[in-house]
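Please read the structure below before turning to the comments.
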Amino acid sequence: MEKPARALTIAGSAAGGSAGIQADLKTFQELDVYGMSTVTAIVGRHPETDKNVHPQTIEAIEAQFDTANKQVAFDAIKTGMLFSKEVIETVSALIESVDVEHIVVDPVMVGKLDSKLLKEDAIVALKEKLIPLATVITPNMTEASILLNDRPLKTVDDLKQAAIDLHELGPEFVLVKGGRLDGPAVDVLYEGTKLTTLEAPRIDTVNTSGAGCTYSAAIAAYLAKGKNIHDAVALAKSFITTAIEHSFSYNDMVGPTYHAAERKFGEAHHIQINTEKI
Ligand code: PXL
């Protein structure tokens, strides 16, 4: 039997199952990629103390990574919530210590329920230590703006310029996600010599918890399976758009995207792709 490609997520545990490692592992499974995890923090609000983020020790993070690497090893690694400068430095060193072809860095900063998922002093470490190791970084508009020293981003042209400028930080490719633009959901991929816009129709729903995690996990899965960056992003955009189209909620809280949607219902959306040389 041909063995499945392997992907590791280094991220937080989102207790409700919509985001973080739960979203990543569900996505890997949907795309027939063998999933592994290194949990950096457990996110869940304690009913009495109101404590929301429960960081794991550096020792626990190193131990998980080492176990997964020895038992299986990786075709791709995806990072999500890392929380602190210390964790970013540890994770950067761990990634440098192994020979892995594809590194997807999702610079997670704030969750949908306004959980603070990255401390202030961690931004510098993110920019200087981790982002330069990335095959691709996948900031949303807020994260791109923060990485560009609070530059306002309002239009697709702003996203294009942001992608070009973020490339200076050293990743091979940059994907800036325009989920919060008015109008269609346009993302911009910068590949060094060309800019590609990927456009999907806007889906009118609030149930998009974990959408960013799911999208970047799908990119990591497709890279692990051997797709090039252009195809990996286009296929992942289709996966997340279909998952958002079929998103739902079990109550009056913001609900998850439906990770199984593409498998169950087929691809819902054709993504419009335009590439320009620059
Ligand atoms: O969706 C961002 C996110 C990422 N990672 C973890 C989270 C969240 C949002 O709540 O909990 C662990």
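Things worth noting here:
- Within region 136-278, percent of DSSP bridges classed antiparallel, to nearest 5: 80
- Per-residue surface analysis assigns Phe65 an accessible area of about 10 Å², computed on protein heavy atoms at 1.4 Å probe radius.
- In Å², nearest 10: area of Ser209 left accessible to a 1.4 Å probe: 20
- Largest-first ordering by accessible area, 1.4 Å probe, given options Asp187, Asp121, Asp182: Asp182, Asp121, Asp187
- The Rg/Rh ratio of region 1-120, with both radii computed over alpha carbons and Rh defined as the Kirkwood radius, is 0.97.
- Greater than 23 Å apart at Cα, pairs in Lys78/Lys277; Lys237/Lys277; Lys127/Lys227; Lys26/Lys264: Lys78/Lys277; Lys127/Lys227
- Whole-angstrom gap from region 117-187 to region 1-64, using each part's C-alpha centre: 23
- Of all DSSP bridge pairs formed entirely within region 5-277, close to 50 percent run antiparallel.
- Modelled label reach - Thr193, point 7 Å along Cα→Cβ, region 241-278 residues with backbone N closer than 16 Å: 275-278
- Of the residues Ala220, Met36, Phe248, the one whose Cα sits farthest toward the positive end of the charge dipole of region 5-277, with +1 on the Cβ of Lys and Arg and -1 on the Cβ of Asp and Glu, is Phe248.
- For the chain, a crude dipole built from +1 on the beta carbon of Lys and Arg and -1 on the beta carbon of Asp and Glu, taken about the Cα centre, is about 360 debye to the nearest 20.
- Beyond 26 Å, the tail of the calculated P(r) for the chain holds 36 percent of the Cα pairs.
The values are calculated or read from the model by the stated rules, or taken from the named source; none is laboratory data. Treat the numbers as computed from the prediction; the structure is a model and nothing was measured. Neighbour counts run over all protein chains shown; Cβ positions are idealised from the backbone, glycine included. The area values use the complete protein model at the heavy-atom level, side chains included, leaving out ligands, DNA and RNA. Shrake-Rupley method; radii C 1.70, N 1.55, O 1.52, S 1.80 Å.
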